[in-house]
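Enquirer: One structure follows; several queries about it will come next.
What follows is calculated from the coordinates using simple rules that are stated; it is not laboratory data. As the structure is a computational prediction, the values presented were derived from the model and not from experiment. Positions of Cβ are backbone-derived with ideal geometry, glycine not excepted, and every protein chain shown enters the neighbour counts.
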Amino acid sequence: MSERDALIWLGVVVVCVIVEALTAQLISIWFVAGGIAALIACLCGVHFWWQLACFLIVSTVALAATRPLVKKLLVRKKVCTNADRVVGMTAVVTEEINNSLGQGLVNVSGNIWSARSVDQSVIPVGRNVQVQAIQGVKLMVLPLSGAEQNA
């Protein structure tokens, strides 16, 4: 065992713990596990290259084993806004929707929105449409069929 090697691995562990503590995401926790494994190998008198191999293997295994779970747990949920509630609603075209001219307005729940046609069709004034999505400040809409127009 080299005292210098032990100090190196202890330093790696401490630096990784500090980096982990200073960040909001899991960045170096896997290297902490690898550093501890290498430190244990060092204390057992294993040659430095085997310590390094131990560090790399344990860090890689820890990363591979836990990263998918950690990503799943830390995934940010989509924050819905009041605007999101219009998706799926029926709107009335108040200005002809023509994607190639970049024009179109709809009225949905008493609010006027810029709108574009999902299927690139021209939709005349007075036609009922269904809101499919929001892209920026525009509603993406599809015209309702004749039966749905009367409902």
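Enquirer: For segment 84-140, what is the per residue volume of the convex hull drawn over the alpha-carbon atoms, in cubic angstrom?
Expert: Spelled out: Cα convex hull of segment 84-140, divided by residues, is 67 Å³.
Enquirer: Still on this structure: For Leu139, enumerate residues with amide H under 5 Å from its amide H, sequence gap 5+ or separate chain, H modeled in the peptide plane.
Expert: Distant-sequence amide H within range of Leu139: Ser114, Ala115, Arg116.
Enquirer: How far apart, in nanometres, would the label points at Ala53 and Gln25 be if each is projected 7 angstrom from Cα along the Cα-to-Cβ direction?
Expert: That separation, rounded to one decimal, is 3.3 nm.
Enquirer: So how tilted is helix 3-22 from the main axis of the chain? Cα-based, degrees 0 to 90, rounded to 10.
Expert: So the inclination is approximately 20 degrees.
Enquirer: What value, in deg cm²/dmol to 500, does the helix sum -39500 (n - 2.57) over DSSP H runs of n ≥ 4 give at 222 nm once divided by the residues of the chain?
Expert: Working: 4 runs with 67 residues, N = 151.
Calculated from helices alone, the mean residue ellipticity at 222 nm is -15000 deg cm²/dmol.
Enquirer: For percent of Cα pairs over 19 Å apart, the listed values are (1) 57; (2) 66; (3) 50; which was obtained by calculation from the structure presented?
Expert: So the calculated entry is the one marked (2).
Enquirer: Any chance you could give the angle, 0 to 90 degrees and rounded to 10, that helix 29-43 forms with the longest Cα principal axis of the chain?
Expert: Helix 29-43 sits at roughly 10 degrees to that axis.
Enquirer: Write down the percent of antiparallel bridges among all DSSP beta bridges whose residues are both part of the chain, to the nearest 5.
Expert: Close to 80 percent.
Enquirer: Report the gain in length on full extension from Leu73 to Thr60: 0.36 nm times residue separation, minus Cα-Cα distance, nm rounded to one decimal.
Expert: Gain in length upon complete extension: 2.7 nm.
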